[in-house]
Amino acid sequence: MGEACGSDTVHGMQPTSPHKTTPNTATTHTSESTKRADGRGERNPKRALITGITGQDGQHLADLLHRKGYEVHGLVKGQRNPRIGPLLEEFPYVHVHSGDLADFSSLVAAVEASEADEVYNLGGISYVAMSFTQPELTSNITGVGVLRMLEALRLAGKPGVRFYQASSSEMFGKVRETPQNERTPFHPRSPYGVAKVFGHHMTMNYRESYGMYACSGILFNHEGPRRGLQFVTRKITNAVARISLGLQDEVVLGNLEAQRDWGYAGDYVEAMWLMLQQERPEDYVIATGEMHSIRDLLDAAFGAMGIADWASYVRQDQQFHRPAEVDLLVGDPQRAEADLGWKPTVTFDRLIKMMVEHDLAVETRNQTTPRGV
Ligand code: G4F
């Protein structure tokens, strides 16, 4: 579902305060003597602010940046947001700031309080189907939210902060060429895709107008065990696990002919980080270059449980079809390979097997663990 950031104060803290006390070293402002040749502060630890930190990519990125020695800050929406507890349980080092991509002043406050060197804007409504039922909300958070964050950086006087925008292959929509690369024209087919195009162009505009280090990763579908259950990969791997345990009879899906370029989310956050370490800000397509249909996905997921003929377990229903569909997406990651040295490391079959095995373990544990334990 959406990973939008909300507006209220986290229970028991001020909206602008980091969740935890920040160590002395990190609160010290960068001195001239520690500046790099490009004028960028070489602070140790470097600080990153992540919007959408409770989502799949936010979690992978928090983990990656922490391993790289960053002080990690996250913008989290809502009073008593139920995702904060699990987030801090798994990532106790994260400094949580209460804020919302719909609320400009909370973004300024988070940028100032975190003193971020790098901002990763991953927040927003991320479920394409939902954008058809809530197009205005999607435009406001996923689209205008990008502008608010860019303006927050500009008006807070932080021109040196590096900004990453999570653009999406959904922007290609009704594709003009295959595979899609950084020069392929956009033709979005959902309110989500339209909002992402807005954010993408705003990021370019701030780079060109104000000389900001602002860039976008045009990420194709990326999945893993942290994926929400509403997305088709995880919906299928979870259903396969449950079917094999006798907990579910079938999985009900929409368009089985759709084709996507599915990679592993853990690989894709590495590309985000690499984009912010370059000399010049550029936009990159991040993809595997391989396309698979939903039918291939079903083969791989049921195959991981030794079931070759899945037809009797799968039913199609109109409710999961979209008013306008993106039929085939496949990216050309050559530029990212050449400039960033980035390559995907997890194959499609391995990814789906990893997800099925994870779901099998979770569902088995849920069955054997008494409620409340
Ligand atoms: O898993 P999906 O919902 O992902 P979708 O729409 O491609 O979007 C994801 O990837 C984008 C990158 O290109 C991101 F920008 C976006 O935020 C999100 O992460 O659907 C994939 C395909 C679609 O064609 C959909 O119609 O699967 C088809 N599908 C068929 N049956 C289904 C279902 N999708 C879902 N969610 N549920 C179904 O039952």
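The values are calculated or read from the model by the stated rules, or taken from the named source; none is laboratory data. Just so we're clear, the structure is a prediction, and the values are computed from it rather than from any experiment. Cβ coordinates were reconstructed from backbone atoms using ideal geometry, including for glycine residues, and neighbour counts include every protein chain displayed.
Brief remarks follow.
- Scope region 166-184; condition within 17 Å of Ala287 (Cβ to Cβ) and more than 12 Å from the ligand (Cβ to nearest atom); matching residues: Arg176, Glu177, Thr178, Pro179, Asn181, Glu182, Arg183, Thr184
- Any hit, region 152-171, residues being buried (at least 24 other Cβ atoms within 10 Å of the Cβ), of a type in the set (Ser, Thr, Tyr) and in contact with a Pro (Cβ under 7 Å, 6 or more places away or on another chain): no
- Here Ala195, Ala152, Ala214 are screened, and the one residue that is within 14 Å of the ligand (Cβ to nearest atom), modelled with pLDDT of 95 or more and among the aliphatic types (A, V, I, L, M) is Ala195.
- Among the residues of region 289-313, those identified as within 24 Å of Asp332 (Cα to Cα), in contact with a Gly (Cβ under 9 Å, 6 or more places away or on another chain) and more than 13 Å from the ligand (Cβ to nearest atom) are Gly289, Glu290.
- Residue in region 229-241 that is modelled with pLDDT of 95 or more, away from the ligand (no atom under 13 Å from the Cβ), more than 23 Å from Ser168 (Cβ to Cβ) and not assigned by TED's automatic domain parsing to the domain that holds Val161 present: yes
- Per-region count, region 318-332, residues near the ligand (Cβ under 8 Å from one of its atoms) and either modelled with pLDDT of 95 or more or in a helix (DSSP H, G or I) (or both): 4
- Members of region 210-226 that are in a strand (DSSP E or B) and aliphatic (A, V, I, L, M): Ala214, Ile218, Leu219
- Every listed requirement among (1) within 12 Å of the ligand (Cβ to nearest atom); (2) free of Cβ contacts under 8 Å to residues at least 40 places away in the same chain is met by His201 save one, (1).
- In the condition set (1) over 25 Å from Ala110 (Cβ atoms); (2) crowded, with 17+ Cβ neighbours inside 10 Å, Lys174 is compliant with all but (2).
- Residue pairs meeting the criteria (Cβ under 6 Å; at least 6 apart or on separate chains; first within 15 Å of Gly199 (Cβ to Cβ), in region 166-187; second at pLDDT 95 or above and among the aliphatic types (A, V, I, L, M)): Ala166/Leu122; Ser167/Ile218; Ser169/Leu329; Met171/Val197; Phe186/Met171; Phe186/Val197
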